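A quick write-up on the structure given underneath.
The values are calculated or read from the model by the stated rules, or taken from the named source; none is laboratory data. Being a predicted model, the structure only gives us computed values, none of them experimental. Cβ atoms come from the backbone with ideal geometry, glycine included; neighbour counts cover every protein chain shown. Areas reflect the complete protein model, heavy atoms only, side chains present, ligands, DNA and RNA absent. Shrake-Rupley method; radii C 1.70, N 1.55, O 1.52, S 1.80 Å.
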Amino acid sequence: MKFFVDTADIEEIRDLAATGLVDGVTTNPSLVAKSGRDFFEVLKDICAAVPGPVSAEVTATDEGGMIREGEKLARIAKNIAIKVPLTWDGLKACKYFTNHKTMVNVTLCFSAAQAILAAKAGATFVSPFVGRLDDVGQDGMQLIAEICTIYRQYNYFHTEVLVASVRNPMHVVYAAKMGAHVATVPPAVLKQLVQHPLTDKGLATFLADWQKTGQKI
Ligand code: E4P
């Protein structure tokens, strides 16, 4: 399973990339606004910090506008993945970029039907938003299970399931059990993945016992 970091905060990205466990980054207009930085500048920094795909979202809503914006974004670096919304225009723009060998992340996916269309359009990634479904009383992980099952039926679907809107470690664990290809994880949740109180307790005991031996390694 690949881990992408879901942030536009370059310091957090560099910090987490240093673990060697980060395979890519996803951004969206809200995360860029939160960073307070120029969109193109921040993307350039992120693309230099991680070798894997970096999602950059268009803001136009018509096919032509998405293509124009996407082409500008794609020129930033080779590892840019153009992020388009799951609309008819977004799907047409997806097809265009796929035909031009540019990676595409089709975002704002909330149904299995939409995910089928993203695969048909040749998306590199489809991003179902699990947390936002949970927020409205639907089961986000159930959608991941459905999409993974559907994609497995067709060996000519090459779209990777990128689990987005991740809110807690269990979203990541369930996604991995279902065989989702990627989880994009906020830095705080990524850091939570390593935590277990028995690890801390066990380490404290080992260190205390080791001190008693008076030895050094
Ligand atoms: C990533 O591509 C999405 O934009 C992001 O995961 C959305 O997360 P949120 O629902 O927490 O805003």
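Between the alpha-carbon centers of the range 2-70 and the range 143-217, tell me the distance in whole angstrom.
21
With all protein chains present and a 1.4 Å probe, how do Met1, Met103 order by accessible area, largest first?
Putting Met1, Met103 in descending order of accessible area: Met1, Met103.
When each pair of different Cα atoms in the chain is counted once in the 1/r mean, what is the Kirkwood radius in angstroms, to one decimal?
Computed over the chain, the radius equals 18.2 Å.
Where the accessible area of the range 16-175 is counted over protein heavy atoms with a 1.4 Å probe, how much of it, in %, is carbon and sulfur?
Answer for the range 16-175 is 55 percent, counting heavy atoms of protein chains only.
Can you tell me, using C-alpha contacts under 8 Å and at least 6 residues apart, the relative contact order of the chain as a whole percent?
Averaging sequence separation for qualifying contacts and normalising by length gives 17 percent for the chain.
For the pair Asn168 and Leu207, what calculated FRET efficiency results from E = 1/(1 + (r/R0)^6), where r is the Cβ-Cβ distance and R0 = 41 Å, to the nearest 0.05?
0.90
Say a paramagnetic label sat at a point 7 Å from the Cα of Gln192, along Cα to Cβ; which residues of the range 1-20 have their backbone N under 17 Å from it?
Those under the cut-off are 4-7.
Could you pull out the pairs from Lys2/Lys72; Lys34/Lys92; Lys95/Lys191 whose alpha carbons sit more than 32 Å apart here?
Result: Lys95/Lys191 exceed 32 Å.
How big is the charge dipole of the chain about its Cα centre, in debye rounded to the nearest 20, if each Lys and Arg gets +1 on its Cβ and each Asp and Glu gets -1 on its Cβ?
500
Run the simple label-point estimate for Thr199 and Thr149 please: 7 Å along Cα→C-beta, distance reported in nm.
The two pseudo-label positions are separated by 3.3 nm.
Filter the chymotrypsin sites (Phe, Trp or Tyr not before Pro) in the range 142-178 down to the DSSP loop ones having no more than 12 other Cβ atoms within 10 Å, then list what survives.
Counting only loop positions with at most 12 other Cβ atoms within 10 Å, the chymotrypsin sites (Phe, Trp or Tyr not before Pro) in the range 142-178 are Tyr154, Tyr156.
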